[in-house]
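Engineer: I'd like to ask you about the structure that follows.
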Amino acid sequence: IPVDPFDLVIFGATGDLARRKILPGLFRRYCAGQMPEEARIIGAARSEMDDDGFRDLVREAVRKFGGGRDCYDEALEGFLAHVGYEHVDAMGEGGWETLKARLRDGMVRAFYFSVAPSLFGALAERLRGFGLADDDSRVVVEKPFGKDLASARALNSTLAEHFDETQIYRIDHYLGKETVQNLMAVRFGNMLFEPLWNAQFVDHIQITVAETVDVSGRGAYYDTSGAMRDMVQNHLMQLLCLIAMEPPARFEPDSVRDEKLKVIRALDPVDYHHIVRGQYIADEKQPGYRSHVEDPRSTTESFVAMKISISNWRWAGTPFYLRTGKALKSQASEIAVVFKDAPHSIFGPEAGRHANVLVIRLQPNEGMTLGVTIKEPGPGGMRLKDVALDMSFADALGPDAEDIPDAYERLIMDVIRGNQTLFMRGDEVEAAWTWTDPIIEGWQRRGEVPKEYDAGSSGPDDALMLMHRDGRKWRDIK
Ligand code: BG6
């Protein structure tokens, strides 16, 4: 179903994110028939370029990053007819009047800030000052949304000077992932899980986002950030919220965001004994972290594992273990809900016992597995065995699974539709920083140096110990 006709202006349109994600994503929506005939996409950036120059850039970006759909050159030329470019000086006066002249009345108007956060204020001010944006326009902003609470607050108040909260779309692309949205469908669309989804029945929950990529090529950004700011404060926090939150009354922006906010506010401060920071070092095949960043003595973490507790009625006493890192042995994002043992084994100690584990695989091989205990076959008495009820979305959904839009496609279309459900509200981002800041400050105060781990391994040994001490074990990342 096509969305309403729109004018979408992308600031920073020649940058990496625009070329890798935003423009190819829009092209795929065009191929899916979702882009109305009147839609216009206007790139805006510092570079001097005309429409055709920008179209060449878009053509190249789509060919390189467009990926896996049935879209041919003919479709690409059709898409490019929707695309234009305006050279704009974000900090000055140049280009704003001509950009304004391109915008049409009666269209949804959205401005995507795919630029450094230091430019948000200047852009917002000019959009209003030159009369490009009005009270119905939308602005889309990207992470990093601040580097701590103070900077996030400053960004929020700068944006709030020019736009209402209902006009601001803060992207966390994890929320645009189909499998992440599925967490809500699984929890709140089934009767099966929710009655057991609490401290009484759940022993603990593991959230893993393991990546094989290292930080080469983006060391300058990453070294000022580290895994805590780059992944935990936003993506892992969102996963935690969706897993832990109370059922919202409706799948509507503020219902969902209110519940997520309550989870973040109920997080206990993390004891520093419950956090492990790691940094990868070279193995035979891959260089180490410090050769990917400028500072040869950098102590920025490329891995974090931690034990978190949520002080509320549902979760008091159930630990959540989180881990994420770069240059690990495999790419695996999953959530494992480990249920408690049955209270009593009628089969006696020799039969063995297995806790049920529900694993939701976010990527790759998206799907769900539920570990179920059955009898081991054969005449040898009652011995128990753990087997998997295994579902891969690709098998279960068949050809439909191939049409699943990527996170950015989904989110940009939600902006045009005016649906903020999958975007972060300002108070949510601030609450996440309120929880994160003391952890990072603690590391700085104690001068903490990350534990080394081999590139291509599953992280530092201390991360294993974090669970081991509690008599638990991380699931293996294959
Ligand atoms: C980004 C981080 O937000 O998310 C990257 O800055 C990370 O460091 C990426 O690699 C992970 O996203 P995805 O979609 O590949 O899981």
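The values are calculated or read from the model by the stated rules, or taken from the named source; none is laboratory data. Just so you know, these numbers come straight off a predicted model, no measurement behind them. Ideal geometry is used to build each Cβ from the backbone, glycine not excepted, and the neighbour counts take in all protein chains shown. Keep in mind that these areas ignore ligands, DNA and RNA; they rest on the heavy atoms of the full protein, side chains included. Shrake-Rupley method; radii C 1.70, N 1.55, O 1.52, S 1.80 Å.
Engineer: Anything in segment 176-205 that is under 17 Å from residue 367 (Cβ atoms) and either away from the ligand (no atom under 16 Å from the Cβ) or of a type in the set (Val, Ile, Thr) (or both)? List them, or say none.
Structural biologist: 179, 180, 184, 185, 186, 187, 189, 190, 192, 193
Engineer: In this structure, does residue 312 turn out to be without any contact (Cβ under 8 Å) to a residue 40 or more places away in the chain and either among the acidic types (Asp, Glu) or in a loop (DSSP other than H, G, I, E, B) (or both)?
Structural biologist: no
Engineer: Continuing with this model, one more query. Scan segment 332-359 for residues that are assigned to a loop (DSSP other than H, G, I, E, B) and farther than 30 Å from residue 247 by Cα and report the count.
Structural biologist: 7
Engineer: Moving to a separate point now. Give the residue that is most open to solvent (accessible area, probe 1.4 Å), with candidates limited to residues of segment 22-58 that are among the basic types (Lys, Arg) and part of a helix (DSSP H, G or I).
Structural biologist: So the residue we want is 55.
Engineer: Turning to a different aspect of this structure: Among (1) more than 12 Å from the ligand (Cβ to nearest atom); (2) under 29 Å from residue 182 (Cα atoms); (3) not in a helix (DSSP H, G or I), where does residue 258 come up short?
Structural biologist: (3)
Engineer: Select from segment 206-215 the residues that are in contact with an Asp or Glu (Cβ under 9 Å, 6 or more places away or on another chain) and either within 8 Å of the ligand (Cβ to nearest atom) or of a type in the set (Asp, Glu) (or both) and list them in ascending order.
Structural biologist: 209, 215
Engineer: Given (1) in contact (Cβ under 8 Å) with a residue 60 or more places away in the chain; (2) within 11 Å of the ligand (Cβ to nearest atom); (3) among the charged types (D, E, K, R), where does residue 218 come up short, assuming only one miss?
Structural biologist: Residue 218 satisfies all of (1) in contact (Cβ under 8 Å) with a residue 60 or more places away in the chain; (2) within 11 Å of the ligand (Cβ to nearest atom); (3) among the charged types (D, E, K, R) except (1).
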